[in-house]
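The values are calculated or read from the model by the stated rules, or taken from the named source; none is laboratory data. Since we're looking at a predicted model, the values are computed, not measured. Don't worry about glycine lacking a Cβ; one is built from the backbone with ideal geometry, like all the others, and counts go over all protein chains shown.
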Amino acid sequence: MDDRTQTSTRLFGEAPPEFRADDRDQRIDVCPGIALWWIFLDHVPNNIGSWLTPRNYGFCDAAEIFMFLSGVTCALAYNRAREREGWSGMIGRSLRRGWDIYAAFLLLTLACAILVYLAGSDDLADGSNTRILLERPGATLAHAAMLQYRPVNTDVLPVFVIFHALFAPLLWLLLRAPNVTLGGSLLLYAFVHVFGWRVSAWPDGVWFFNPLGWQLLIVLGAWCVIEGGKFRPWMLSRSALVLAVLYIVFGFVLAQSWNVVPLVPQALKDLLFPLDKSNLSPIRLLHFLALAIVALRFIPHNWEGLSTPVLSCAKCCGQNSLPIYCVGVLLALASHLMLLDISAGPAMQIVVSFAGVLMMIVIAQLLNAISIKREPQPGRTSMGKAPPVR
């Protein structure tokens, strides 16, 4: 879902727009890997494991992290491709990646339908939004091919299809007028919330991840790589840290008031909740930015903890984000089925949570092992081609 090269720059524009090679920032792979674990835990309904994710401790969740870092990695990978192969080569890579995600989405849609059919569970069919696919396969698959129908938890993939297909003009604008491009993205985001602009879906409804709103995080991630270095001193300043911490504490208090015990007036909760995730609520956006400032301040790119076994497993998952995301969706469905048919108790929730994350790690490591075997041996050429953007 996000592309990487063997060499890249650090987060938040620590290198100039020409993206000179530098020590790879491990945070670029570790953070998406952790986000994939969180997304899986959140996708299992009524799961005690979701208390390990940020969803219950503030306004935003792993989706914001994943979207933002996808913008970062796309900017890094595609500009490196542009430098090696020109704009035509870069466009070809972005379109091929968009096609890969599109094909993965269609295959995942079929896999979800097969899993639900084999399970024979009406509750799972309704909860996964696959009943209509089983009852009207022809029309449903046609609309899935047009990105208008999506089983539950697959909504993010069509969004990435669009963003990869359109990333070439976005990169062109960012390299020439980064601040103007970001301003245009902010303006579109504002129009979404002022005028209610949405993208329709089938059979009735709208895209859960409205691309007109969520595009801001993709653009912001790419902008941080290209232009963010100029704002880095402010982001690392004490004032920014204090504001970020205060907002995180504010979000924590409200989240606990919503989930556990009443801590704030009901009128304030009614004003803020439920948060509009579909259009990326400004409250969610600010919470993500606050978390990013704190993380940037306290987790440097050369932090030794990034090499610990647990975070190395997260890195492995982050390096294979598209297949691991798809696996996570299927594991969430299987876990839901187990909770419905076997037991919905806390013990079973812990088992399916741990087993699901472990399976994601094992599959990611297998994919990395296969990739290493396919790489050319030292001293051998690769038909004169540059290293692939993976």
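Values for this structure:
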item: Positions within the stretch 325-352 being touching a residue at least 24 places away in the same chain (Cβ under 8 Å), of a type in the set (S, T, N, Q) and farther than 21 Å from residue 151 by Cβ, in sequence order; result: 349
item: Out of 297, 284, sole residue that is charged (D, E, K, R) and either surrounded by 19 or more Cβ atoms within 10 Å (Cβ to Cβ) or in contact with a Lys or Arg (Cβ under 7 Å, 6 or more places away or on another chain) (or both); result: 284
item: Residue in the stretch 176-184 that is among the charged types (D, E, K, R) and not in a helix (DSSP H, G or I) present; result: no
item: Index of the failed condition, residue 244 passing every other in (1) among the aliphatic types (A, V, I, L, M); (2) within 20 Å of the chain's Cα centre (by Cα); (3) crowded, with 21+ Cβ neighbours inside 10 Å; result: (2)
item: Index of the failed condition, residue 8 passing every other in (1) more than 23 Å from residue 108 (Cα to Cα); (2) surrounded by 23 or more Cβ atoms within 10 Å (Cβ to Cβ); (3) at pLDDT 95 or above; (4) not charged (D, E, K, R); result: (3)
item: Selected residue (criterion: nearest to residue 65 (Cα to Cα)) from residues of the stretch 324-368 that are crowded, with 17+ Cβ neighbours inside 10 Å and of a type outside the set (A, V, I, L, M, F, W, C); result: 325
item: Residue among 46, 79 that alone is more than 20 Å from residue 221 (Cβ to Cβ) and at pLDDT below 95; result: 46
item: Pair list, Cβ under 6 Å, 6 or more apart: the stretch 92-119 residue without any contact (Cβ under 8 Å) to a residue 40 or more places away in the chain, other residue surrounded by 14 or more Cβ atoms within 10 Å (Cβ to Cβ) and of a type in the set (A, V, I, L, M, F, W, C); result: 113/133
item: Answer residue from the stretch 116-130, given it is under 12 Å from residue 336 (Cα atoms) and either under 24 Å from the mean Cα position of the chain (by Cα) or among the polar types (S, T, N, Q) (or both) and is surrounded by the most Cβ atoms within 10 Å (Cβ to Cβ) among those; result: 128
item: Per-region count, the stretch 119-152, residues of a type outside the set (Gly, Ala, Ser) and in a helix (DSSP H, G or I); result: 13
item: Of all residues making up the stretch 31-62, the number that are within 18 Å of residue 361 (Cα to Cα), touching a Gly at 6+ places or on another chain (Cβ under 9 Å) and assigned to a helix (DSSP H, G or I); result: 13
item: Among the candidates 344, 295, 369, residue that is at pLDDT below 95 and outside any helix (DSSP H, G or I); result: 344
item: In the stretch 300-320, residue modelled with the lowest pLDDT [restricted to those that are more than 19 Å from residue 354 (Cα to Cα) and either surrounded by 24 or more Cβ atoms within 10 Å (Cβ to Cβ) or of a type in the set (S, T, N, Q) (or both)]; result: 302
item: Filter result (within 15 Å of residue 214 (Cβ to Cβ), surrounded by fewer than 18 Cβ atoms within 10 Å (Cβ to Cβ) and touching a residue at least 40 places away in the same chain (Cβ under 8 Å)) within the stretch 166-197; result: 193
item: Qualifying residue in the stretch 223-246 (condition: of a type in the set (Phe, Trp, Tyr) and within 30 Å of residue 128 (Cα to Cα)); result: no
item: Residue under evaluation residue 261, criteria (1) part of a helix (DSSP H, G or I); (2) of a type outside the set (S, T, N, Q); (3) at pLDDT below 95, criterion not met; result: (1)
item: Residues within the stretch 174-190 that are more than 23 Å from the chain's Cα centre (by Cα) and of a type outside the set (Lys, Arg), tallied; result: 4
item: Yes/no for residue 58 being within 30 Å of residue 252 (Cβ to Cβ), out of contact with any Pro (no Cβ under 6 Å at 6 or more places or on another chain) and either at pLDDT below 95 or surrounded by 23 or more Cβ atoms within 10 Å (Cβ to Cβ) (or both); result: yes
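Residue by residue, here is whether (1) more than 16 Å from residue 328 (Cα to Cα); (2) of a type in the set (Val, Ile, Thr); (3) in contact with a Ser or Thr (Cβ under 6 Å, 6 or more places away or on another chain) holds:
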residue	(1), (2), (3)
97	yes, no, no
103	yes, no, no
106	no, no, no
121	yes, no, no
128	no, no, no
136	yes, no, no
140	yes, yes, no
143	yes, no, no
154	no, yes, no
